[in-house]
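Have a look at the structure below before the remarks.
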């Protein structure tokens, strides 16, 4: 499957250190070699790049990292194609406009027997189940809310809708309009908080380390989200299945808990009594 990465900060920062490790998984330390994409938000503007080459060996990716781009919100994706050809229209993040804002969406997982309806304003351009899910979500949001709802209302709606979609398979995703960063976990997603006092961290996929304190001020705060931890030297917290978290400007502003899982089967009391599985004392 694919892998996800995101960063949110209250002021522009460069994600190049974390991305260097993340992009190694695009064909070198991982087999996600069917393309990569990056959405950079800053000052209300979105810069989007998507490519069908393996991230770790892509000249465009190398050149981008060398420029050390700065952004307040970053969403990145490395693809291992399961549904749809390896093509530009099937590369994440996907973007659409809603409530006058441009949103970026990236998905990790597979959805089976998933054939939802979408409005004419949100029709998929490619063949992936990921883009179809994105268009379905935005069709539902547009038909339910004429204007952007408060954060907690939006989160509750996505939490419920994501649970419905997750019945069809794995549905880990990142969604952002540059101000909000929404992360939903279906199977695996981690987050780390970087704040003062910053320390030294080391990439897991590359022999490279950095002292975050040399590049960040005392008032800086940011969150990093990834399919799997990217570094050692900082705490990575796992999200639970069904959990949804909303970040804004380097802060975590809303959390909806994992979905309770109950594996207990209904008891047939007569057969349980006969088989001595029920003991009364």
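Return 58, 135, 185 ranked ascending by Cβ neighbour count within 10 Å, so the fewest neighbours appear first. It would help to have the intermediate numbers written out before the result.
On the way: 58 19, 135 22, 185 26.
With the fewest neighbours first, 58, 135, 185 line up as 58, 135, 185.
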re segment 1-46: pairs of Cα atoms spaced beyond 17 Å account for a percent value of 39 percent
Taking every alpha carbon pair in segment 3-260 and sorting the distances into 5 angstrom bins from 0 up to the bin holding the longest one, the percent per bin comes out as 1, 6, 14, 19, 21, 18, 12, 6, 2, 1
Cα extents of segment 59-123 per principal axis, largest first, Å, are 42, 32, 17
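Tell me, what is the percent relative contact order of the chain, built from C-alpha pairs under 8 Å that lie six or more residues apart?
Details: 624 pairs, mean separation 57.0, N = 281.
It rounds to 20 percent for the chain.
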Everything considered on the Cα gyration tensor (a ≥ b ≥ c; rounded for a/c under 1.5, else prolate if a/b is larger than b/c, else oblate), segment 123-196 must be described as oblate
Dimensionless Rg/Rh of segment 1-129, both radii on Cα and Rh by Kirkwood, sits at 0.97
Scoring segment 11-140 by relative contact order with C-alpha pairs under 8 Å, at least six apart, yields a percentage of 23 percent
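So how do 157, 223, 171, 94 line up by other beta-carbon neighbours within 10 Å, fewest first?
Details: 157 16, 223 22, 171 25, 94 28.
Ranking 157, 223, 171, 94 by Cβ neighbours within 10 Å, fewest first, gives 157, 223, 171, 94.
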Taking the alpha-carbon centre of each part, the distance from segment 88-117 to segment 141-166 in Å is 15 Å
Footprinting proxy, 52, 78, 137: sorted fewest to most Cβ within 10 Å, the residues are 52, 137, 78
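Quickly estimate the mean residue ellipticity at 222 nm for the chain, helices only: each DSSP H run with n ≥ 4 gives -39500 (n - 2.57), and the total goes over all residues, rounded to 500. Intermediate values should be presented prior to the final figure.
On the way: 5 runs with 56 residues, N = 281.
When only DSSP H runs of four or more count, the value is -6000 deg cm²/dmol.
Values in this text are rule-based calculations from the coordinates and carry no lab data. Every value quoted in this text rests on a predicted model; they were computed, and no experiment measured them. Positions of Cβ are generated from backbone atoms using ideal geometry, with glycine treated the same way; all protein chains shown enter the neighbour counts.
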